[in-house]
Every structure is written in C-alpha cells, then in structure tokens.
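**Student:** My questions will all concern the structure given below.
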Protein chains: 2
Amino acid sequence: VAVHLDDLSTPALVIDADAFDRNLATMASVHPGARLRPHVKAHKCTPLAAAQRAMGHQSFTCATPREVVGMAASGMGDDLLLANETVDPVRLRAMADADAMVTVAVDSAETVRAAAANGITACLIDVNVGLPRCGVSPDRAGALADEARRTGLDVRGVMGYEGHLMMVPDRSERLAQVEAAMALLAAAHADVGGEIVSAGGTGTFDLHQRTSVNEVQAGSYALMDTHYGRQGLPFEQAVFVVGTVISRQDDWAVADVGLKALGMDHGNPSVVDGTVWFCSDEHVTFATERTVHVGERVMVVPAHVDPTMAMHEAAWLVRDGEVIDRWPIDLRGW
Amino acid sequence: VAVHLDDLSTPALVIDADAFDRNLATMASVHPGARLRPHVKAHKCTPLAAAQRAMGHQSFTCATPREVVGMAASGMGDDLLLANETVDPVRLRAMADADAMVTVAVDSAETVRAAAANGITACLIDVNVGLPRCGVSPDRAGALADEARRTGLDVRGVMGYEGHLMMVPDRSERLAQVEAAMALLAAAHADVGGEIVSAGGTGTFDLHQRTSVNEVQAGSYALMDTHYGRQGLPFEQAVFVVGTVISRQDDWAVADVGLKALGMDHGNPSVVDGTVWFCSDEHVTFATERTVHVGERVMVVPAHVDPTMAMHEAAWLVRDGEVIDRWPIDLRGW
C-alpha cells in the first residue's frame, strides 16, 4: 500500500528525493570522487551517506566518534576522517577497533598522545585558518607533525576549516578571504607534508577550485537550509519538517513543529506560504495571507539543517508525494 | 565500582541530585499534591517524573502524545493532561488505549471532533489568555464546551497558558499581568464549568496563590536554566552538560559541548568560570581568566532546559561527584 506524505504523523522530517538527487549530482560534477569528502555531521544518516557514496565519494568526514564507528559498521569505512579533536580513550579505542581506515585531527601534544596511545594510526594536523576554534597556529603545524610522527602516527596532511567565511555575502570578497585563509593552510602544509589538504564547506565549495585544497568537506549541500539558501548556491532546498495545523485563530495559525524539531541557532524557520511569528517547544505560530484550516499540512523549512536532522529519529524520502523510503537518523549522539 | 563524574564520556547531561531534590521540595511546599501538575515536556524522563510523583504530585502535564503514552506505560497514568491540541487519529487512539486517565486540550470544533471520534473521553477547554498560540478566545469557551459535551466528552474545566508573561522582569508588574490574564481564564471557566482551572509555569508559579488557578503546570523548576535563573526564583541550577576541553589556543579554549547538545533558542549557554564566544555543532569556544588544559572538564549551563534534555539519550544523576543513577530521556520524539 502506498504511503502518502499526508499519511505521516507530524512533525515529520521529509526529504524531497528529486531535489536531493539533483544536489548530489551538482556537487559531484564540481567535486567528483575523492575531491569531495562529504561531511556526515550534516545528516547523521547512513542511508544518506550511502547515496553520496553511490555518487562516487568514498571518503567521509565525521564530527563525532559515533559517526565514525557507525559509518564503519555500515560498510563505509574506506577512509573516515574525524575532523575534530578528542582525548577520550574509550572513544579513540572504539574508532581504532572499527573496521575502517580512521584518521583523526590533532592540534596539540595532548591530542597526538591520546590518539597514539589508543590505537589510532593516522592523523591530519588541524590548522587554525582564522576561525577561533580548534586548530594549531600555522607556524606550529610542522613541529606538531614531527611530534606526531615520533609517536608513530602517519601524518597524512593538513586540514583547516574556514567556517567564519561561509556566510561572507559578497562572492568576490568571500573568494579573497578564502584564498588568504588557504594560503595559511598551504604554508602549514609545506611544513607538515603528506598528501591531503582538506578544508571547505557548502558555503565555499566552489571557491576551492582555485586553492591548493584537494578535498572539500561539504555536507549541508545535500539537503540545504534557509541560512545557506540566501547564499545564491546552486543547491535546492531538499528537506522540510512537515507539520499539521492544530489551531487557527483570528490572525494566526499554529502548527505542531516546534523548536524541539528544529535547529534554532540560526533563528526561526520559515513556513511555506506563511510568516513565522515565533516557535515554542512544540509549536510554530505563523500568519498567512490565505485561510488555513485545522488539520491542513504545512511545510516548515529549517534555518540550520545539521542540528535539525539530529532531533529526529528518521527522515522520510518522498517522491511525487509518495513515501518511498524511511531513513533512520542513526548516527545521533556521541 | 563507583563511577565518578570525570569518568563519563562527554558531552554528558548531568543532574546534581542534591540541587534537584531541593528544587522538588521547594515547589512541593508551595504547591503540594494536585496543586502542581508537573510538566513532563521540561525533561521527557520517566525516572525524573517518578521523583516528582514521590513528592506527592500524581497528575502530570504532557506536550506530546508520546509523553502521554510513555507516562502511562511507566505506571504514572493516574491523571495525564495533553496540554496541547492534536487531530492525529493514530496518536489520539494510542492515548485513548493507554492504561491511563487521559484528558486532552481542545480549542476548536475540529479538535473536539477528532478527540471524540478516537476514543478520548475527557477534555479541558484551552483558552487564549494573551499568548498568540493555541486556545479559543474566552468569549467562545462556553460554546465550545457545550459542543464538546454534545459529542460525549467530559469537560473537566479550562486551561490557559500565560507563556508571554514568564519573563516579565519586575515581579509586581508580572503579578498584575498574570492576574489580568487569569481574570480572562476565570471568566471562561464561569461559562465552561468543571473543576479544573489549570495554568502557569515556573516563571509565574507562586503568583497563582492569588488567582483562581487550582493547578500549576510548571516543569523547568526541577532542573532550571540560565534564562529562568535570571528571574530570582527560589530554584537552583540542577542540570549541566559536562564537557571536555579538546583544544586550547592563545586566547580561548574549546570544549566538546556544541549546539547539538544544547537548546539554542534562548541563545548561548554559559560556561562555569568562562565566557562563551560561540557554539558550533560540536564545540563551544570560550575564554577564561585562568589557564585551562586539554582534557580538563568544564560545566556548561544550558540557556533553555527543555530542548536541551530532548537532545540527550540519558542523564546521569550525580551526588558528591559520584554517579548514582542513569536516567534515560525516554519520552523524546512525538
């Protein structure tokens, strides 16, 4: 029996299969194969990763040990990068014991020692290219690589995330700033050695055709959100949280998609054909030009896709209004 | 073998058992027994609800059908209120079939019909007392109650949530506004009948000693957050997300508690002994006066407790640094 979009209980995380397919094709045409290391944190969903892999991308980026271990358990362990630091011996050991080639980011003597002591065999030197987060300063990258090699780690290269530049509105200004940040990464790479220069995200994905970066860590491109949607990128909105109108008053309506179903760090979501007033735990209050009725479906577009995915147990893959698959968001947690 | 707080993998949701116990005792002294209908949405955790029940509160407020069904399955179905509207026949039926006395909020002919058609036997008329969300306007409450009774529903009374007043900074101004809102609810109650007048939350809990409200729906009081912490309430911060410092640079440190571990709709969390710069998916970047080291633990205080709880699989109950229990956050989802 065919299940229709309107049969789903709400709030329901829904992926538009056609838009999703087009997004994957667009990215693969710019960054084929290993030029893209898709970031699993954007979706935390192994069936979605498998679709990326079917497009030719066999190496993946992860933000948490659970993402690494889960990708390995799903048979996608060819080349997994934990693009993040950890000193947790239990989780480092779990990654080392996974059926996978695992590389971790390191940016300090402590993270090098913890990785080597718990069975990890390969690392990238994480370099600060301007975002005040993890990453060693470029002038200390070479020394850290030497230290990592002394502990027996294979230093495969460098990574540096220019997250502070994803939303620079003007494209030429963004390009100039990305090139300056990647010059820092290239200088560190000259001191570090190794084959990998890994960086980038959805907001800068095509700017790396002109840098020394040889793999891009984009993730949000597959599903998109309103925040990236304002950037003029060639990707379509492919994920929605479908809600049901549960209350209708004189000037507003209320649907059952609240802030527990939406990443809120980038602000309120959008409602298709409506204007959002505010979100509560389990509600979105919005106004519309037209009359909406209790029981009617509404499409809510998240402002930030990554945390939105992490709030749902599963996503429903939909084509022409019919549900064609249920994808568990199986890499949630840590 | 005793498990210490420092043995937990991070991010770890941790409840300070002593502070939690004191919060429950403080609330029970103001609103004993059925005067408090604790709101399950604030924690989504049946062991925590069981602790509230052990303090004498046997009726509970829920925001989702899953909370209702889960509370019933845990043997706490004496008197469960879904303080929210739904027209979902599957979920209404699941609540009706639960081993519980279930009452649902209704604010329209559609929600009345859906409840009655799917086995629900009791309702409260949800009245708009000023927050633009669910709730019928007070002058239409009596007619809706008549309609509900015609369908066979037992109309137990009224509810009205003054959520827009929780954060009015001045206490006397807050009291005046709450009294005005509750006058609307009292007028609706006169038209509706029934025994229950249900309202309130943590921010207004003690103001209802002077209104006609006979049960208060507070939830956040048990664990608290920085948002309510600024209100001068007699409750202590009892929940933290414990993180590990994974990177230390010249002017800042980074811990592994990001926005996927924190409700962000009220803004950034706080870090004990630190100043938060920003959160990323899996990181909080912060500055400190003192030197922190990679591997050190930090305590992060969420800005909004309800969505924070919903992001974690379990909470660790801690007393004097020792882990004394693991409480699953078992009512997540919808």
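The values are calculated or read from the model by the stated rules, or taken from the named source; none is laboratory data. Given the structure is predicted, the values throughout are model-derived calculations rather than measurements. Cβ: placed from backbone, ideal geometry, glycine included. Neighbour counts: every protein chain shown. Just so you know, the surface numbers come from the protein's heavy atoms only, side chains and all, with ligands and any DNA or RNA stripped out. Shrake-Rupley method; radii C 1.70, N 1.55, O 1.52, S 1.80 Å.
**Student:** From the list B:Val90, B:Val104, which one is outside any loop (DSSP other than H, G, I, E, B), without any contact (Cβ under 8 Å) to a residue 12 or more places away in the chain, within 21 Å of A:Ser247 (Cβ to Cβ) and not acidic (Asp, Glu)?
**Tutor:** Matching residue, one of B:Val90, B:Val104: B:Val90.
**Student:** Right, something else. Touching a residue at least 60 places away in the same chain (Cβ under 8 Å), within 11 Å of another protein chain (Cβ to nearest Cβ) and either among the small types (Gly, Ala, Ser) or in a strand (DSSP E or B) (or both): does that describe B:Gly232? Reasoning before the result, please.
**Tutor:** Values: touching a residue at least 60 places away in the same chain (Cβ under 8 Å): yes; within 11 Å of another protein chain (Cβ to nearest Cβ): no; either among the small types (Gly, Ala, Ser) or in a strand (DSSP E or B) (or both): yes.
No.
**Student:** Being in contact (Cβ under 8 Å) with a residue 60 or more places away in the chain and in contact with a His (Cβ under 9 Å, 6 or more places away or on another chain) is the filter here, so list the residues in region A:25-51 that pass it.
**Tutor:** Within region A:25-51, A:Met27, A:His31, A:Ala34, A:Arg35, A:Leu36, A:Arg37, A:Pro38 meet the criteria.
**Student:** Considering only residues of region B:74-87 that are touching a strand residue (DSSP E or B) at 6+ places or on another chain (Cβ under 7 Å) and part of a loop (DSSP other than H, G, I, E, B), which is surrounded by the fewest Cβ atoms within 10 Å (Cβ to Cβ)?
**Tutor:** We begin by selecting, within region B:74-87, every residue touching a strand residue (DSSP E or B) at 6+ places or on another chain (Cβ under 7 Å); these are B:76, B:78-87.
From the residues that got through so far, the ones that are part of a loop (DSSP other than H, G, I, E, B) too are B:76, B:78, B:83-87.
On the way: B:Met76: 21, B:Asp78: 15, B:Ala83: 25, B:Asn84: 30, B:Glu85: 26, B:Thr86: 26, B:Val87: 24.
Ranking the qualifying residues of region B:74-87, first place goes to B:Asp78.
**Student:** When the residues of region A:127-143 are narrowed to those that are aliphatic (A, V, I, L, M) and within 12 Å of another protein chain (Cβ to nearest Cβ), which ends up farthest from B:Gly295 (Cα to Cα)? It would help to see each step written out before you state the result.
**Tutor:** Filtering region A:127-143 down to residues aliphatic (A, V, I, L, M) leaves A:127, A:129, A:131, A:136, A:141, A:143.
Going one step further and asking which of them are within 12 Å of another protein chain (Cβ to nearest Cβ), we end up with A:127, A:131, A:136.
On the way: A:Val127: 19, A:Leu131: 21, A:Val136: 16 Å.
Only one residue fits best here, namely A:Leu131.
**Student:** A further question on this structure: Output the residues belonging to region B:51-78 that are touching a Ser or Thr at 6+ places or on another chain (Cβ under 7 Å) and of a type in the set (Gly, Ala, Ser).
**Tutor:** B:Gly70, B:Ser74
**Student:** When you go through A:Asp281, A:Asp306 one by one, which is the residue that is within 13 Å of chain B (Cβ to nearest Cβ), in a helix (DSSP H, G or I) and open to solvent by less than 30 Å² (accessible area, probe 1.4 Å)?
**Tutor:** On the way: A:Asp281 fails: in a helix (DSSP H, G or I).
Within the list A:Asp281, A:Asp306, the selection yields A:Asp306.
**Student:** Right, something else. Here are A:Thr244, A:Thr275: which of them is among the polar types (S, T, N, Q), more than 9 Å from chain B (Cβ to nearest Cβ) and surrounded by fewer than 24 Cβ atoms within 10 Å (Cβ to Cβ)? Walk me through it before giving the result.
**Tutor:** Numbers: A:Thr244 fails: more than 9 Å from chain B (Cβ to nearest Cβ).
Exactly one of A:Thr244, A:Thr275 is among the polar types (S, T, N, Q), more than 9 Å from chain B (Cβ to nearest Cβ) and surrounded by fewer than 24 Cβ atoms within 10 Å (Cβ to Cβ), namely A:Thr275.
**Student:** Can you name the condition, by its number, that B:Val112 falls short on among (1) at pLDDT 95 or above; (2) surrounded by fewer than 23 Cβ atoms within 10 Å (Cβ to Cβ)?
**Tutor:** (2)
**Student:** Say whether the condition of being within 13 Å of chain A (Cβ to nearest Cβ), among the acidic types (Asp, Glu) and in contact with an Asp or Glu (Cβ under 8 Å, 6 or more places away or on another chain) is met by at least one residue in region B:103-120.
**Tutor:** The answer is yes, given that some residue of region B:103-120 is within 13 Å of chain A (Cβ to nearest Cβ), among the acidic types (Asp, Glu) and in contact with an Asp or Glu (Cβ under 8 Å, 6 or more places away or on another chain).
**Student:** Still on this structure: Considering only residues of region B:247-265 that are assigned to a strand (DSSP E or B) and more than 8 Å from chain A (Cβ to nearest Cβ), which is farthest from A:Thr308 (Cα to Cα)? Give the steps one after another, and end with the answer.
**Tutor:** Start the filter on region B:247-265 by keeping residues that are assigned to a strand (DSSP E or B), which leaves B:247-248, B:253-255, B:263.
Narrowing further to those that are more than 8 Å from chain A (Cβ to nearest Cβ): B:253, B:255.
Working: B:Ala253: 26, B:Ala255: 21 Å.
Among those that are assigned to a strand (DSSP E or B) and more than 8 Å from chain A (Cβ to nearest Cβ), it is B:Ala253.
**Student:** How many residues are open to solvent by less than 10 Å² (accessible area, probe 1.4 Å) and in a helix (DSSP H, G or I) if we restrict to region A:179-208?
**Tutor:** So the first thing to find is which residues in region A:179-208 are open to solvent by less than 10 Å² (accessible area, probe 1.4 Å), and the list is A:181-182, A:185, A:188, A:192, A:197-205, A:207-208.
Then keep just the ones that are in a helix (DSSP H, G or I); that gives A:181-182, A:185, A:188, A:192, A:202-205, A:207-208.
The qualifying residues number 11.
**Student:** Run down B:Ala190, B:Ala122, B:Ala218 and say which single residue is more than 19 Å from B:Ser59 (Cβ to Cβ) and hydrophobic (A, V, I, L, M, F, W, C).
**Tutor:** On the way: B:Ala122 fails: more than 19 Å from B:Ser59 (Cβ to Cβ); B:Ala218 fails: more than 19 Å from B:Ser59 (Cβ to Cβ).
Unique residue meeting the criteria: B:Ala190.
**Student:** Something else now. Taking B:Phe286, is it part of a strand (DSSP E or B), within 11 Å of chain A (Cβ to nearest Cβ), aromatic (Phe, Trp, Tyr) and crowded, with 20+ Cβ neighbours inside 10 Å?
**Tutor:** Values: part of a strand (DSSP E or B): yes; within 11 Å of chain A (Cβ to nearest Cβ): yes; aromatic (Phe, Trp, Tyr): yes; crowded, with 20+ Cβ neighbours inside 10 Å: yes.
Yes, satisfied.
**Student:** Tell me the helices (runs of 4 or more DSSP H) entirely within region A:1-73 that contain at least 2 residues that are within 14 Å of chain B (Cβ to nearest Cβ). Explain how you work it out, then say what you get.
**Tutor:** Details: elements: A:17-30, A:46-54, A:65-73.
In region A:1-73, A:65-73 are the helices (runs of 4 or more DSSP H) which contain 2 or more residues that are within 14 Å of chain B (Cβ to nearest Cβ).
**Student:** Given the criterion aliphatic (A, V, I, L, M) and within 12 Å of chain B (Cβ to nearest Cβ), identify the matching residue among A:Leu124, A:Leu175, A:Leu92. Before the answer, list the steps.
**Tutor:** Values: A:Leu124 fails: within 12 Å of chain B (Cβ to nearest Cβ); A:Leu175 fails: within 12 Å of chain B (Cβ to nearest Cβ).
Matching residue, one of A:Leu124, A:Leu175, A:Leu92: A:Leu92.
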